[in-house]
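Heads up, the thing below is written out as structure tokens.
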Amino acid sequence: MKKFAKIVIGVFAGIALIMFIMYAVAVSYKKEILAVVTADISDRINGDIVIRDLSVTLLHDFPNISLSLNDISLRGPKYDKYRKDFLQAEVINLNVGAVALLQRKINIKSIDIINGDIFIFRTKDGYTNLEVFKNEEGSDTTTIQSNQSSTVSFDAISFKNVRAAFIDSLKEKSFAANFTMVKSKMIHTDSSIHCHLVGGIDFEGLTFNAAKGSFLKDQHTQSDLNFEFFTPSKRLVIEPSSIMLDKSTINITGVLQFFMPGGNFQLNIQSDRLDFQEGLAVVTEHMRNSLQNFSIEKPLAINVRLKGEIGSRLRPLADVIFEVKNSSVTWRKLDLQNAFVQGTFTNHKDSLLATDDINSEIRLDSIKGIVKALPFKGAVSFNDLTNPFMDLNVVFDADLKKVNADMDTTRIWFTAGHFISKVHFTGNLNEYFDESITKYHGKLKGSTEITGGRLRYLPRKIIFDRINASFQFTEKQFDIAEITMRMNKNPIKLSGIITGFVPFFLIPEKQGKVLLNVSSPSLDLTGMGGTTAKSNYDIKTVGKREKISNFIDSVYSKLEFGLAFKIGRLKSNKIEGNDLTGKVVLANN
């Protein structure tokens, strides 16, 4: 046991001795190392590098020795004019190989930048401080002895609290982010540098068009980025990468081609579960203002393709595919439940026109859900987002009892039946959802079929059953092809037209007219009227569901009924008659 302890002590003593020797070598050559590093960097730049001090530590990146450059400034050739450093850093640690240092060579394994600021700019006259770097390529190692060819080479770099910013005054583009704690690994080849970067990045903003605002404004992220830069072609390939927000993960791939004075790019942005509110936070203010009237409860799937010119002020081509599943969706006064939506967006519907809101289109190729308790499915498109033009096709297919959810059931109560209603509308979006209008300027076409209907009109104790009906309507006229039903077991048949308004769509502007043909072989009105029958619905909820009922009441005062009737036998209390025919006009309630 004592022998083992002596071996352990000896090993640690040897390590300590080696560390002391390495530290002593580094300290003894401190001034020479500082001079060589300064000179080597100066040979690679068009400008000035200022390193105000250098210290040596052993434990920062053991077994490498860390040469800490303190208070560093890197300035471009026109610093006197613009007074902006390309780089400022409190500390840059050069983690060098210990064995090479014992041979008086500097072999840098990795670099740590702590508390720094990287600022890249391009002025309106085209000057960029990236000219601080020379185009010549260096060699492989750096040595203290000036007669040995060498270069700085490293495969890892980390950033702690380092802000990076880019401002292009010529093209009005900018980028800024703070690398809070980021590590990267690099692989060098003859023609490229591959980098894998992982860590926390706080984005201040990414601006392609100052008038439209910034992407990723004030967003904290955890990023996992992979990219490769090909030196000869100046091409940056973004391999599968991800940016993680609090609730969402955004995946990114793409290619950026750099050449003066600009370049081009193609980016693919995808997420399987994007929280809608977080999605609003990462887009520009212009896009956020357009989408903020929407609310989507559950995450959506989205795939975005962007393609454009780096040096252009024009908007990039944008194509978006999105999908929402089983979510509540609200927009203005529209509230959808259990919504399923598959759609697309493009800002270049016409390839010959500019990429802007006028040339944009949103298509909801498949949409279904529940609105006002009624299930529906359909499709809709919107063109010219400055004043959206809508093309809507929707089908309602439901039990009539579901209509009770929007009715005052103390008065009208559907108890059975089924209906299918088809609506096609083309026109201004705002017009369709404006409840105050009295006349459509767009084109409306629809039809409704009712089968097996049954309802109770409670104020008069009337029961309508065996209701079968067929309607067609446009923005100008409502046609009643046929209604057959029983009223308190009396068979009735109706047909006719309604002009001046579309039932359940518009209140007539002036005077609407209902022209009906009513026939019945036998009509017994005895016993109709009296006290209101009780409803199964809680009276407290009535006020929330009076909309359709109140709509009908408001229409009554603006409708004129022209009735042509033919009744085989009529009975009403003490009045009886046979073969009654005639016409009557009912107006003013």
Response to the item:
In nm, the gap between the two label points placed 7 Å beyond Cα toward Cβ at Arg486 and Asp399 is 2.1
Item to complete: Note the full-extension length gain between Lys234 and Asn70 as 0.36 nm times their separation in residues minus their Cα-Cα distance, in nm to one decimal.
Response: 55.8 nm
Item to complete: List the extent of the Cα atoms of segment 441-480 along each of their three principal axes, largest first, rounded to whole Å.
Response: 40, 21, 11
Discussion item. Applying a 10 Å radius around every beta-carbon, put 400-412, 73-85 in order of their mean neighbour count, most first.
Written reply: 400-412, 73-85
Fill in: Alpha-carbon Rg with Dmax, taken over segment 298-444, Å
18.6, 67
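Using 0.36 nm per residue, how much length does the chain from Glu576 to Val371 gain when fully extended, once their Cα-Cα distance is taken away?
On the way: separation 205, 0.36 × 205 = 73.80 nm, distance 4.67 nm.
Net length gain for the segment: 69.1 nm.
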Fill in: FRET efficiency, 1/(1 + (r/R0)^6) with R0 22 Å, evaluated for Leu515 and Gln472 via beta carbons
0.90
Response to the item:
So for R0 = 41 Å, FRET eff. of Lys84-Ser295 from the Cβ-Cβ r, to 0.05, ends up at 0.40
Practice prompt. Using label points projected 7 Å from each Cα along Cα→Cβ, tell me how many nm separate Asp357 and His424, to one decimal.
Written response: 3.0
Item to complete: Provide the per residue accessible area, probe 1.4 Å, for segment 227-358, rounded to a whole number of square angstrom.
Response: 57
Practice prompt. Return the distance in nm (one decimal) between the two label points of a simple spin-label model at Phe561 and Ile497, each offset 7 Å from Cα along Cα→Cβ.
Written response: 2.0
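The values are calculated or read from the model by the stated rules, or taken from the named source; none is laboratory data. Computed from a prediction, not measured in an experiment: that's the story for all the values here. Positions of Cβ are generated from backbone atoms using ideal geometry, with glycine treated the same way; all protein chains shown enter the neighbour counts. Ligands, DNA and RNA are stripped out before the accessible areas are found, and what is left, the full protein with its side chains, is counted by its heavy atoms. Shrake-Rupley method; radii C 1.70, N 1.55, O 1.52, S 1.80 Å.
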